[in-house]
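The values are calculated or read from the model by the stated rules, or taken from the named source; none is laboratory data. The structure displayed is predicted, hence computed values, not measured ones. Methodologically, a virtual Cβ is constructed for each residue, glycine included, from the backbone with ideal geometry; neighbour enumeration extends over all protein chains shown.
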Amino acid sequence: MRWRIDLRYDGTDFHGWARQGGLRTVQGVLEQALGTVLRQPEPPAVTCAGRTDTGVHARGQVVHVWLPEGLVARNLVHRLNGVLPDDVWVSGAAEAAEGFDARFSALSRRYVYRICDDPAARDPLTRNHVLRVLQPLDVDRMNEASQRLLGEHDFAAFCRRREGATTVRALLEYSWRRTGPGLVEATVIADAFCHSMVRALVGSVLPVGDGRRDVSWPAEVLAARVRDSAVFVVPAHGLTLEEVRYPADEDLAARAVEARAVRGKVH
């Protein structure tokens, strides 16, 4: 049976999501835990909704995996959490609806990037989850700049290219808000993201917020469609995958087919 598993993790001590020989990764730890609770020498392979980079966290990661019949969801969650390390937690598990694919059935992924821009608000307890910057940020200017990036575009300027992979994405939301004194959050939602895209998008708007760049600059970088060395890719530790959205069960298979289609050029 294909199962859906929802999990959370602190990415601080992981070398990203994807399994890598000799390195501690989230996928490797989860698959090892599945092998232990299922008593299988060769653990089942899991597929995730979004591969997070080294140091990136998740509250809403989703995976699918093929498991033997007869499992009880509550027991599986309890047993997995009993063997997983403290920086990973399974929040739910269930037999997946027909056509479900954790990666390709997804409609969107929502990331949040957290920043502290006031020394008086710095909290050592959040140092692994919040970026500290030296200059106060103008959220209104940042919102003006980020709104110009919305829509379906070729985000090559904000992505690390991979041979044969498209960099066309639909950016559904990119907004900034203050959540408290000295604390700023960016919410970034897209149908999918390419490597380093969220951190580059945040890095392109930060100099707008502190006055070093005009509000038009990130859109100018986007229009150039080439990686710009002036865009600072912000550190991973401020980024968290908060949510992955899926369509209704009856639309899961169709969405997976649609998402697998290679995007064309956007003019």
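Regarding Gly21, is this residue part of a loop (DSSP other than H, G, I, E, B) and on the phi < 0 side of the Ramachandran plot?
yes
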What single numbered condition from (1) in contact (Cβ under 8 Å) with a residue 60 or more places away in the chain; (2) in contact with an Asp or Glu (Cβ under 6 Å, 6 or more places away or on another chain); (3) not in a helix (DSSP H, G or I) fails to hold for Ala157? (3)
Flag for Pro44 being assigned to a loop (DSSP other than H, G, I, E, B) and touching a strand residue (DSSP E or B) at 6+ places or on another chain (Cβ under 6 Å): yes
Filter the range 217-231 down to residues that are in a loop (DSSP other than H, G, I, E, B), over 22 Å from the mean Cα position of the chain (by Cα) and modelled with pLDDT of 90 or more, then give me how many there are. 0
Which one of the conditions (1) farther than 23 Å from His78 by Cβ; (2) without any contact (Cβ under 8 Å) to a residue 12 or more places away in the chain does Gly35 fail to meet, given that it meets all the rest? (1)
Tell me yes or no: at least one residue of the range 191-212 is assigned by TED's automatic domain parsing to the domain that holds Ala120, under 21 Å from Val62 (Cβ atoms) and in contact with a Ser or Thr (Cβ under 6 Å, 6 or more places away or on another chain). yes
Got at least one residue in the range 57-65 being in contact with a Ser or Thr (Cβ under 7 Å, 6 or more places away or on another chain), of a type in the set (A, V, I, L, M), at pLDDT 95 or above and within 25 Å of Val234 (Cβ to Cβ)? yes
Suppose we filter the range 91-115 for residues that are more than 17 Å from the chain's Cα centre (by Cα), in a strand (DSSP E or B) and hydrophobic (A, V, I, L, M, F, W, C); how many remain? 2
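Could you run through the range 103-132 and say how many residues are charged (D, E, K, R) and under 24 Å from Trp3 (Cα atoms)?
As a first pass, look at the range 103-132 and keep what is charged (D, E, K, R): 103, 109-110, 114, 117-118, 122-123, 127, 132.
Still in the list and also under 24 Å from Trp3 (Cα atoms): 103, 109-110.
Looking only at that region, the number is 3.
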Which residue out of Val56, Val72, Val63 is of a type in the set (Val, Ile, Thr), more than 24 Å from Ala256 (Cα to Cα) and surrounded by 18 or more Cβ atoms within 10 Å (Cβ to Cβ)? Val56
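Could you please let me know if Arg4 is over 16 Å from the mean Cα position of the chain (by Cα), among the basic types (Lys, Arg), within 27 Å of Leu171 (Cα to Cα) and outside any helix (DSSP H, G or I)? First the steps, then the outcome.
On the way: over 16 Å from the mean Cα position of the chain (by Cα): yes; among the basic types (Lys, Arg): yes; within 27 Å of Leu171 (Cα to Cα): yes; outside any helix (DSSP H, G or I): yes.
For Arg4, the condition - over 16 Å from the mean Cα position of the chain (by Cα), among the basic types (Lys, Arg), within 27 Å of Leu171 (Cα to Cα) and outside any helix (DSSP H, G or I) - is met.
One line per residue, one yes/no per condition, for (1) assigned by TED's automatic domain parsing to the domain that holds Val26; (2) more than 19 Å from Arg109 (Cα to Cα); (3) buried (at least 22 other Cβ atoms within 10 Å of the Cβ):
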position: Thr166; (1), (2), (3): no, no, no
position: Glu220; (1), (2), (3): no, yes, no
position: Arg227; (1), (2), (3): no, yes, no
position: Leu241; (1), (2), (3): no, no, yes
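Hey, among the residues in the range 180-209 that are assigned to a strand (DSSP E or B) and touching a residue at least 60 places away in the same chain (Cβ under 8 Å), which one's surrounded by the fewest Cβ atoms within 10 Å (Cβ to Cβ)? Walk me through how you get there before you give the answer.
Of the residues in the range 180-209, the ones assigned to a strand (DSSP E or B) are 180, 183-190.
Still in the list and also touching a residue at least 60 places away in the same chain (Cβ under 8 Å): 183-190.
On the way: Leu183: 17, Val184: 24, Glu185: 18, Ala186: 26, Thr187: 15, Val188: 25, Ile189: 22, Ala190: 22.
Per the stated criteria, the residue is Thr187.
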Can you find a residue in the range 125-132 that is in contact with a Lys or Arg (Cβ under 9 Å, 6 or more places away or on another chain), without any contact (Cβ under 8 Å) to a residue 24 or more places away in the chain, assigned by TED's automatic domain parsing to the domain that holds Leu239 and not in a strand (DSSP E or B)? yes
